[in-house]
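Structure record follows, encoded as structure tokens.
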Amino acid sequence: MKKGKFITFEGIDGAGKSSHIAGVTEFVRARGLTVVSTREPGGTPLGEKLRELLLHESMHLETEAMLMFAARREHLAQLIEPALARGEWVICDRFSDATYAYQGGGRGLDKEKFAQLEQWVHGHLQPDLTLLFDLPLAVARERIAAQSRDLDRFEQERADFHERVRRAYLERAAAAPQRIQVINADQALEDIKKLVEMTVVTHCF
Ligand code: TYD
């Protein structure tokens, strides 16, 4: 079924992945491929409504985790799987690694439950490549502060929450070193851009 490549971007809030997602999308398009750039939670009309709730409405922690997977199920069915089947590339801002990192590491929920939900929702599909933007928390916090905008529920969490998210991401990378490539995001934009493009070329072309 799957013919295109599936690339995901991950990292703590403030890691700076957004601008690089746009860059990689252009980089792949310039090689004549069709690319769908999307995000989680979100990516579909229903998913974007769920995103609004997830980012701004307080709820039970397990409700939060299950809504992440519900939005993902819709996203896969409506957008990701059809695009990959057509041979298009899908570049997604966050995917299931984010649930393991935020709801598992950050919130402290049992990862075994996510493994079951993951199996249910996309047991047949994993990203071909995940770029994990990693940097010290203090640097990420400075970047967020410099943007002077309203913070969502996750960005408002305390430093220890984000430290646990970062640690959980790095643990996942250590457990899947081929799929998850750690990008040092604490360096000049141009250097990160080169590193990201090189990683995509090595793993996906
Ligand atoms: P983010 O991707 O950082 O978007 P923006 O760049 O617009 O701020 O925001 C999504 C937030 O959702 C982020 O704080 C992480 C959180 N999240 C989870 O907690 N679990 C998940 O499974 C996903 C996909 C996201």
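The values are calculated or read from the model by the stated rules, or taken from the named source; none is laboratory data. Just so it is clear, the model here is predicted, and its values are computed rather than measured. Here the Cβ is made from the backbone with ideal geometry for all residues, glycine too, and neighbour counts use every protein chain on show. When the accessible area is computed, the model is the full protein with side chains, heavy atoms only, and any ligands, DNA or RNA have been set aside. Shrake-Rupley method; radii C 1.70, N 1.55, O 1.52, S 1.80 Å.
For K111 paired with R86, estimate the spin-label separation in nm (one decimal), with each label point 7 Å from Cα along the Cα-to-Cβ line.
A separation of 3.6 nm, rounded to one decimal place.
Pairs K17/K194; K5/K193; K17/K193; K49/K113: which are spaced more than 22 Å apart, C-alpha to C-alpha?
K49/K113, as the Cα separations exceed 22 Å there.
Could you look at segment 90-141 and say what percent of its accessible area is carbon and sulfur, using a 1.4 Å probe and all protein chains?
Of all accessible area on segment 90-141, carbon and sulfur atoms account for 54 percent.
Quick one: net charge of L195's neighbours, Cβ under 13 Å, K/R +1, D/E -1?
Surrounding charge for L195 is -2.
How big is the dipole moment of segment 1-41 about its Cα centre under a simple scheme where the beta carbon of each Lys and Arg is +1, that of each Asp and Glu is -1, and everything else is neutral? Debye, nearest 20, please.
The dipole of segment 1-41 has a size of about 320 debye.
Which value, in Å², gives the accessible area per residue of the chain when a 1.4 Å probe is used on the protein heavy atoms? Intermediate results must be reported in sequence, preceding the final value.
Working: 9880 Å² over 205 residues.
Heavy-atom accessible area per residue stands at 48 Å².
Please tell me the relative contact order of the chain in percent, rounded to the nearest whole number, where contacts are Cα pairs under 8 Å and at least six residues apart.
It rounds to 33 percent for the chain.
How far, in nm, would the chain grow between R143 and M198 when pulled straight, counting 0.36 nm per residue and subtracting the alpha carbon separation?
Full extension from R143 to M198 adds 17.3 nm.
How do V36, V28, V182 rank by accessible surface area computed with a 1.4 Å probe, from largest to smallest?
V182, V36, V28
For L151 and E190, FRET efficiency with R0 = 45 Å and r from the beta-carbon atoms, rounded to 0.05?
The pair E190/L151 has a calculated efficiency of 0.95.
Tally Lys and Arg at +1 and Asp and Glu at -1 over the other residues with C-beta under 9 Å from the C-beta of K17: what net charge comes out?
So the environment of K17 carries a net charge of -1.
What Kirkwood radius, in Å to one decimal, follows from the Cα pairs of the chain? Walk me through the numbers before you get to the answer.
Details: mean 1/r = 0.0581 Å⁻¹.
The Cα-based Kirkwood calculation yields 17.2 Å.
Rounded to whole Å, give me the distance from the Cα center of segment 140-160 to that of segment 34-103.
Using only Cα atoms to place each centre, the spacing works out to 21 Å.
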